[in-house]
4 protein chains.
Amino acid sequence: MKTFFTFLLLLIISYPVVSQTREKGPWWPNATWGAQDEAGASNWITPDKIIKALTYAKEGKVFELGHPYERTMPFGGTRSYKLSVVDTGPAAGTNKQLGNEEVISGELGQVGTQFDGPGHIGALIKYGDGTMKGVYYNGFTQEEVVHPDGLRHLGVHNVKPIISRGILVDIPLYKGIGRLTNSYEVTLADVRGALAKQGIAEGSITPGDVIIFRYGWAQLWNTPQEYNRNPPGIGLEVAHWLIDKKVTMTGADTAPTEVQPNPNKELVVPVHQELIMKNGIFNLENMDLESLAASKVYEFLFIFTPTRFVGASGSPGRPIAIR
Amino acid sequence: MKTFFTFLLLLIISYPVVSQTREKGPWWPNATWGAQDEAGASNWITPDKIIKALTYAKEGKVFELGHPYERTMPFGGTRSYKLSVVDTGPAAGTNKQLGNEEVISGELGQVGTQFDGPGHIGALIKYGDGTMKGVYYNGFTQEEVVHPDGLRHLGVHNVKPIISRGILVDIPLYKGIGRLTNSYEVTLADVRGALAKQGIAEGSITPGDVIIFRYGWAQLWNTPQEYNRNPPGIGLEVAHWLIDKKVTMTGADTAPTEVQPNPNKELVVPVHQELIMKNGIFNLENMDLESLAASKVYEFLFIFTPTRFVGASGSPGRPIAIR
Amino acid sequence: MKTFFTFLLLLIISYPVVSQTREKGPWWPNATWGAQDEAGASNWITPDKIIKALTYAKEGKVFELGHPYERTMPFGGTRSYKLSVVDTGPAAGTNKQLGNEEVISGELGQVGTQFDGPGHIGALIKYGDGTMKGVYYNGFTQEEVVHPDGLRHLGVHNVKPIISRGILVDIPLYKGIGRLTNSYEVTLADVRGALAKQGIAEGSITPGDVIIFRYGWAQLWNTPQEYNRNPPGIGLEVAHWLIDKKVTMTGADTAPTEVQPNPNKELVVPVHQELIMKNGIFNLENMDLESLAASKVYEFLFIFTPTRFVGASGSPGRPIAIR
Amino acid sequence: MKTFFTFLLLLIISYPVVSQTREKGPWWPNATWGAQDEAGASNWITPDKIIKALTYAKEGKVFELGHPYERTMPFGGTRSYKLSVVDTGPAAGTNKQLGNEEVISGELGQVGTQFDGPGHIGALIKYGDGTMKGVYYNGFTQEEVVHPDGLRHLGVHNVKPIISRGILVDIPLYKGIGRLTNSYEVTLADVRGALAKQGIAEGSITPGDVIIFRYGWAQLWNTPQEYNRNPPGIGLEVAHWLIDKKVTMTGADTAPTEVQPNPNKELVVPVHQELIMKNGIFNLENMDLESLAASKVYEFLFIFTPTRFVGASGSPGRPIAIR
């Protein structure tokens, strides 16, 4: 019941969309990294943070946290991924060189294991002068951001390599089940329960940490229809906790990380807005956390280096954990 | 003069292409990682190797070693790269969510900062039974490897994350010049001279290390015609030294890493064949080593995680050094 | 001087953008083909019109009116075209079947010889209720039309095959020069002069005819920089004459058909708006009219069948004339 | 029984693959159009042929013979088609111009209504000198034809516009059924029976005619799994009859036009080889013949203008019939 009221309260605080100007708005942390910042919460990854993060690798064992990219992946909506091998021609030189390359096309950055950068999600809001404007992280407007050849601001290339302390929050472990059910909203109580069960003190979380949620959903990766249907996930309650913790990135083993649909049916991916747009906190989706969980690895060196596609909304890549 | 004879001798040893079978051939290190191996020299990256590599990060300072990806990059031949921003539609929900994503197409893995995987380069050779066959790393044949939807063997997804000790070999520093000249072949003497000048003992190189050559060529990145015209690079002499050292990966700040054209005009990218095809040693091309060199960072934690595009010949990505 | 005033008058009539509603607006010919029409001026191509058009083919000689599609074409802005051949695999069956196919990508419909469909061009206008809305042919709004997976209305697949009487208007012939100069605006006097010289009575033009302008610009096709720099073309004066004549389609041997830039520097492709948006008159660009002109063929059976890419703004294809 | 022996005989004549040289081979009609010909049976479309063809349009009524292109089409194997709308930017000029374009990618020419050009299908054959070589129409070799950036010979751009007399052969009409059954091979007796029932004298067929087979299969277009499973079609018997008739093009309402699989399970698309490779007779697949058949239109003006994608194996487009 208390959770429900907290939830309501948060909703009231966040919505409806309020009037604001770029100079003065509740949504972007200008105070933190300045009005021109486009790197968001990756700014928490300082040299000291990195040196500390490396100490979580005790044995050098690597865990893959992403899925390989292939045409049989579950896709959101009508997104696509296509790889075609191209033979570079007949044997060349007296050394009879042969070669292959490939043409790849698709919504890279928004298919497979996918990283949402600062320009992926915005909102249409009413400005102080009464006009409606699209707005993105740190107050950049639709007009400043969107361009057919690549975002003019907030492209994913602005995000710093994410080398940090990673924490796995294994919700099914806490619940004692194999995987969560459709549309289940993970509560803050769940998160705290899981951390406690895993032996991680909530107070140990420091700015720049990467907090990844396991729902057990990667088990459905090879059955795309089931995978795509109403996944469980965090909601606004946990989103605000992540914001309080000043994490650099969250992520999970579903396509949106957040619960689908939101319990408030009038909201469309509100967690994305809270994290990415308002706080520059990134979101790595479609992860595969099964082997990490099976090995009971809950704290680790986390590495993800978003590919610097200039002006892209997101990035594919290969997140790993090193214990 | 001695170098020249060594070079000749190496050529004679390596060419012309000799008859061999998959079971018995001088070209692939079956003995090392087994007949089914597709990970090549990334197998050198063991847990112990990783733990040792992390110790090279003393301060946590990150250096970008690659270029951002954009349509103005220098391209090899007719390769291409295209990013188009797609607006995901009108404001959704009462939270007025806006979104962007992108469609990307092109020879990803062979444009921009590009990593050559085990299936990129092969050779047409005469087999013991007299037939000519295309052959790749570890003896996989053209028939086993090539498929229009993705390489059936030796796809880049088989390569392990490359987290190792990195060594920069700064040839222009050794030569006392800004950058090398067109078609200059870097000799083993140059490499040894540079290592000595940089204070790195050749004997300290151990299997799995990553050795990266700076030619100063990234200075030409923004003038594609100059960048693409006959870059300097290593030749077969240095390639064989790299093989002896059992490195996991080499790379440089030019498109082919190796000198273009080869001094022996009859050979087409022979260093690629020696390294990738015969020894499973990978090659990261079109790097940007200027800031690393300017900071005189010669030993470092090197991180590159090839994106697991299933069946691809190569991978884009974001190599970094951490001092 | 008179032309200049006519021009000014037309500008005043057309601009600034006036308030209107979908139900009542000066811009779309609801009266002609109904409020749901998406086929525009291709509706003029009736069975009778086709039977009459066929009579212009006297000898059966075919003239190609388009350019072949290749990567060396002049492109507008950052548009692109890429074709990669894909080998479909090893010889199959005892008949040892080999096969090739290709992957093509790019702004098809807006590269090379390109046909602008009804959803290509719109305008932002003020509606009766004071709101600003994007609007397209026949009053369809931005919201009704635009969708990331294909236009929801006014896709090029709605256009009927264009089989009609074609008329070539050879302006350089009339002017006695090889080709027009940069940014020259073709006047109505030019058009009338050319028709007269060619022996075509203006009064013979009937609804559904296709009127194609030759500027001699295809001579620059192989020098893309020259081709793209400020081509000559028709302006609003001739556009309104085309509208009066109720043509189905116009076209020319430049990228925009209309003069670039418009003599009124504040207007961006206004002829496109007049023809496509307000009147559903289509525009076939980047034609090659040299052989037709060399053979002095001024009236002909014109055939162009826009490819039915559902929801596309335009179409590539192969326009031909048959004398 | 007689048919069966004819079939066997044809098989024996055609297979196994015989030794031949480019200069002397049974497979390509050098004698007809010369050793350099790349236009194949489109050469039958002479000016006289066109003038005669136009006379089949009596009423000017147009029938669409192809399907629109969309992402829900049935695809062969892993082929793909993707269209993404790109907004060209904010309102431009005082005329507030808005614009849309699209990025399209996929195996164009081999998806949807698709035209197989002269370079689509070849065979691996033994040459006079004992070597095995890939060979295509008119004796062009794999080496001469295949290039990653586009076929160097036999690209679809060599095919002339196909404007000819069209004949619909409605097999289900003859059989008195709604559509043929899976894997049914249409016999020559079927074809002759259908022509007779439709009132078309076989003797009226002249070189350059276009003969299109209806199987009723377009009824399954919206159920891709059923559509793709073992369609009926012509076999080698009818293929040889088409060759005798010197048609320019055949086609049908299935993906391969020919029966799948071939009754001789060792043969892979042998009709493609007979028609395209050996005789330069083209094949238009995935047609929609339902409305034409419903209107009992069996002879007509046929128009298909392959898009001149340089070096492509095939072409999309919009075939039409005009009665």
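Numbers below:
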{"read-out": "Rounded Å value of the spacing that divides the Cα centres of region A:100-130 and region B:48-111", "value": "11"}
{"read-out": "Global geometry of region D:182-311, whether rounded, prolate or oblate, following the gyration tensor of its Cα atoms and the 1.5 cut on a/c", "value": "rounded"}
{"read-out": "Cα shape, region A:116-270, gyration tensor, a/c 1.5 rule", "value": "prolate"}
{"read-out": "Mean ellipticity per residue at 222 nm, deg cm²/dmol - from DSSP H runs of n ≥ 4 across chain A, formula -39500 (n - 2.57)", "value": "-5000 deg cm²/dmol"}
{"read-out": "Max mean-square fluctuation residue, GNM over chain D, Cα-Cα springs under 10 Å, options D:Ala41, D:Ala57, D:Ala218", "value": "D:Ala57"}
{"read-out": "Residue of chain B nearest the B-to-A rotation axis [by Cβ], rounded angstrom distance", "value": "B:Ser105, 2"}
{"read-out": "Among C:Ala41, C:Val169, C:Gln114 - extreme Cα towards positive end, dipole of chain C, charges at beta-carbon", "value": "C:Val169"}
{"read-out": "Charged-residue dipole, Cβ positions (Lys, Arg, Asp, Glu), region B:216-323 about Cα centre, Debye nearest 20", "value": "300"}
{"read-out": "Nearest-20 debye value, chain B charge dipole, Cβ charges on Lys, Arg, Asp, Glu", "value": "520"}
{"read-out": "Position C:Glu59, label points 7 Å along Cα→Cβ, spacing to each other copy in nm (shortest first, one decimal)", "value": "3.4, 8.0, 8.5"}
{"read-out": "Förster radius 45 Å - calculated FRET efficiency between C:Lys58 and D:Asn264 (Cβ-Cβ, nearest 0.05)", "value": "0.35"}
{"read-out": "Inter-chain shielding of A:150-159 (mean C-beta neighbours from other protein chains, 10 Å cut-off)", "value": "3"}
{"read-out": "Label point 7 Å beyond Cα along the C-beta direction, distances from B:Thr223 to other copies (nm, shortest first)", "value": "2.5, 6.1, 6.6"}
{"read-out": "Cα-projected label distance for B:Met132 with B:Ser204, points at 7 Å along beta-carbon direction, nm", "value": "4.8"}
{"read-out": "Entries in C:Lys133/D:Lys82; D:Lys61/D:Lys175; C:Lys61/D:Lys160; C:Lys52/C:Lys245; B:Lys278/D:Lys133; C:Lys49/D:Lys160 that, when Cα-Cα distance is taken, lie over 23 Å", "value": "C:Lys133/D:Lys82; D:Lys61/D:Lys175; B:Lys278/D:Lys133; C:Lys49/D:Lys160"}
{"read-out": "Inter-copy separations for C:Lys197, label at 7 Å along Cα-Cβ, nm, ascending", "value": "6.0, 6.9, 8.7"}
{"read-out": "Mean separation of Cα contacts under 8 Å (6+ apart) over length of region B:60-158, as relative contact order %", "value": "19"}
{"read-out": "Relative contact order computed over chain D (Cα-Cα under 8 Å; 6+ residues apart), in percent", "value": "29"}
{"read-out": "Neighbouring partner chain Cβ atoms per residue of C:312-320, average, 10 Å criterion", "value": "6"}
{"read-out": "Ordering of D:240-248, D:311-319 by packing [mean C-beta count within 10 Å, highest first]", "value": "D:311-319, D:240-248"}
{"read-out": "Of B:Tyr136, B:Val259, B:Leu65, farthest towards positive along the dipole that unit charges on Lys, Arg, Asp, Glu beta carbons give chain B", "value": "B:Leu65"}
{"read-out": "Shielding of B:165-178 by partner chains, average beta-carbon count, 10 Å", "value": "0"}
{"read-out": "Accessible area buried at the A-B interface, both sides summed, 1.4 Å probe (Å², nearest 100)", "value": "6800"}
{"read-out": "Selected from A:Val238, A:Val103, A:Val135 as most flexible by GNM, with chain A as the system and alpha-carbon contacts under 10 Å", "value": "A:Val103"}
{"read-out": "Accessible-area order (highest first, 1.4 angstrom probe) of the listed residues A:Tyr127, B:Tyr184", "value": "B:Tyr184, A:Tyr127"}
{"read-out": "Top of B:Arg179, B:Arg79, B:Arg152 by mean-square fluctuation, Gaussian network on chain B, Cα under 10 Å", "value": "B:Arg79"}
{"read-out": "Accessible area of chain D belonging to carbon and sulfur atoms, whole % at 1.4 Å probe", "value": "55"}
{"read-out": "Cα shape, region B:244-315, gyration tensor, a/c 1.5 rule", "value": "oblate"}
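The values are calculated or read from the model by the stated rules, or taken from the named source; none is laboratory data. Predicted model only: the values in this text are computed from it and were never measured. So basically every Cβ, Gly included, is an ideal-geometry build from the backbone, and we count neighbours across all protein chains shown. With ligands, DNA and RNA removed, areas are computed over all heavy atoms of the protein, side chains included. Shrake-Rupley method; radii C 1.70, N 1.55, O 1.52, S 1.80 Å.
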